Amino acid sequence: MIDAMRILDRSLLCAAVALLAIAPALAADNKPAPVSTKAAVPAQCLPQWRGGWVRLPPSTAMAMAAGFGQFDNACGQALAVVSASSPAFGDVSLHESFQADGVNRMREVARLPLPAGGKVALAPGGLHLMLMDPRQALAEGGSVPVTFTLEDGRTVEATLQVRKTAP
């Protein structure tokens, strides 16, 4: 019985020492650590805009221009562009040119998917930016700032160079 008491005393003593060792940590913060159930998305993981340019309209009287470039989405997840804007234009939207029944047509694109690890080109004859209602005349060599808004609310800032011809 005395041996059992000694073992019990030693166990209690070890438990008390362990409790004293962690007591300062418990006193400093007795709230449990938050647990997130969302998959973490690195804040720095944004698609990149490359090679942006605007075709200089043939006349300064034209109330629209077209913008081109490429999105590179090196992120590990698919993203999507849902809108675009520019302080240089009253209206900016994504469009797609296509041919139907031998006639060239164009339609607005409400959502531009950017596949994970993929590239999406905005090029003459296909996807492009429609830049309408310029706030001032474009000049060759100038630049146009554009903000693309992603489906998750983040934005991608871009600059398009004004050119007469494609690079």
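Here are a few things to note about the model shown:
- With K and R counted +1 and D and E -1, the other residues having a Cβ less than 11 Å from that of L138 yield a net charge of +3.
- A Cα-only calculation for the range 48-163 places Rg and Dmax at 14.1, 44 Å.
- Extension gain, V120 to S97, is 6.8 nm, computed as 0.36 nm per intervening residue step minus the present C-alpha separation.
- Cleavage-rule hits, GluC sites (Glu not before Pro), the range 67-167, DSSP coil, Cβ neighbours within 10 Å at most 12: E140
- With contacts taken as Cα pairs under 8 Å at a separation of at least 6 residues, the range 48-163 carries a relative contact order of 36 percent.
- Trypsin sites (Lys or Arg not before Pro) within the range 59-115, DSSP loop, no more than 12 other Cβ atoms inside 10 Å: R111
Every number here is computed from the coordinates shown, using simple stated rules; none is lab data. This is a predicted model, so every value here is computed, not measured. Don't worry about glycine lacking a Cβ; one is built from the backbone with ideal geometry, like all the others, and counts go over all protein chains shown.
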